[in-house]
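Here's the structure we're looking at; comments come further down.
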Amino acid sequence: KHRRKPLDLVARFHLHNGAELYRVNYLADMSRKGWHNSLGMMVNYRYNLEDLKENQLRYETEDFINVTESVLDLLPPDQVRP
């Protein structure tokens, strides 16, 4: 992160537009560049129209990123904020 925003421009784009972090895909990009940049990981974003405006607002005002339960399960409990 830089100034509480993701370094990745694609992530910033999707999150700024109200997407949620839907899934983390390990070993999805095994190219040299993919391995160097993210250890081969890629993510999917999902746009839920019902949550779009709230996600946008919370991201911009609170740096909050809406994530699915499957993504939360990958995080240590002390890294999850309500």
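The values are calculated or read from the model by the stated rules, or taken from the named source; none is laboratory data. All of these numbers come straight from a predicted model, not from anything done at the bench. No Cβ is skipped: glycine too gets one built from the backbone with ideal geometry, and neighbour counts run over all protein chains shown. SASA here: full protein model, heavy atoms, side chains in, ligands and nucleic acids out. Shrake-Rupley method; radii C 1.70, N 1.55, O 1.52, S 1.80 Å.
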Kindly express, to the nearest 10 degrees and within the range 0 to 90, the angle between helix 52-62's C-alpha long axis and the longest C-alpha principal axis of the chain. 80 degrees
Out of the GluC sites (Glu not before Pro) in region 6-82, which ones are loop residues according to DSSP with at most 11 other C-beta atoms within 10 Å? 50
How much of the accessible area of the chain, probe 1.4 Å, is carbon plus sulfur, in whole percent? 56 percent
The chain - charge dipole about Cα centre, Lys and Arg +1 at Cβ, Asp and Glu -1, debye rounded to 20: 440 debye
Candidate cut points under trypsin sites (Lys or Arg not before Pro) in the chain, DSSP loop plus at most 12 other Cβ atoms within 10 Å of their own Cβ, are 1, 3, 4
When ligands, DNA and RNA are left out and all protein chains stay put, how many square angstrom of accessible area per residue does the chain have with a 1.4 Å probe? 78 Å²
So, with points 7 Å from each Cα along the Cβ direction, the residue 8-residue 52 label distance in nm works out to 2.2 nm
Rounded to whole Å, sorted largest first: equivalent-ellipsoid semi-axes of the chain, Cα gyration tensor: 22, 15, 13
